[in-house]
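Novice: Okay, here's the structure, questions in a sec.
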Amino acid sequence: MAQLERVASVETPASAPRYELRVRRYGPVDAEYEIWQMPASATPHVTAPVRVAGLRHRNLQLVEHRVLKRLAQAGVMLGPRAAARKRGYALTEDLALGLGLLFRTLAPMRSRDNMRAVADGIEAMGREEAAYWLGMAMHRPCPRRVLTALRVLLTEPRPRTRKPGT
């Protein structure tokens, strides 16, 4: 009976992994967003902050409105002080998983249409699916293959055009 009381008194926030969004502005339209996993009692193997993902330049500008909307829904408001210097904001695990996967997947992409399709697909993912893909991308020997597979799954195939005479 004493064990049940001890388990019931454990608080979820203290036993959950901790994540942080770091925002750095280099100019009026040049920002960088990074997701970092912070040391916590839930993750004893993390002894120093670990960079999960980051996004900057054109790719961030294409999805920044989505990111800001999700942050605002979670209660994280990026104020004017974020423009002056580098700042960190605490994130929930669900939000960090989604944004980390979004940043990692979009970083090398160039096609706007494909980026939009991938961003829509990642936003539609549940917590477990996003955690699966991010874990695969972070802990596999060839993470680029995992992210390529995710991009292929989330984008529409291009119609093949037949050359005349073939």
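Readers should treat all values here as calculations from the given coordinates under stated rules, not as data from a laboratory. Since this is a predicted model, take the numbers as computed values, not measurements. Please note: Cβ atoms are built from the backbone with ideal geometry, for glycine as well, and neighbour counts cover all protein chains shown.
Novice: Please work out the FRET efficiency for the pair Arg144 and Arg56, using the Cβ-Cβ distance as r and a Förster radius of 25 Å; give the result to the nearest 0.05.
Specialist: Rounded to the nearest 0.05, the efficiency is 0.85.
Novice: Check each of the chymotrypsin sites (Phe, Trp or Tyr not before Pro) in the range 10-66 and keep only those in coil by DSSP with at most 14 other C-beta atoms within 10 angstrom; list them in order.
Specialist: Tyr26
Novice: Using Cα-Cα distances under 8 Å and only pairs 6 or more residues apart, what relative contact order does the chain have, in percent?
Specialist: 20
Novice: Kindly provide the pair-distance distribution of the range 23-142 built from C-alpha pairs, with 5 Å bins from 0 and whole-percent values in order of increasing distance.
Specialist: Per 5 Å bin, starting at zero, the Cα-Cα P(r) for the range 23-142 comes out as 2, 10, 20, 25, 21, 14, 7, 2, 0 percent.
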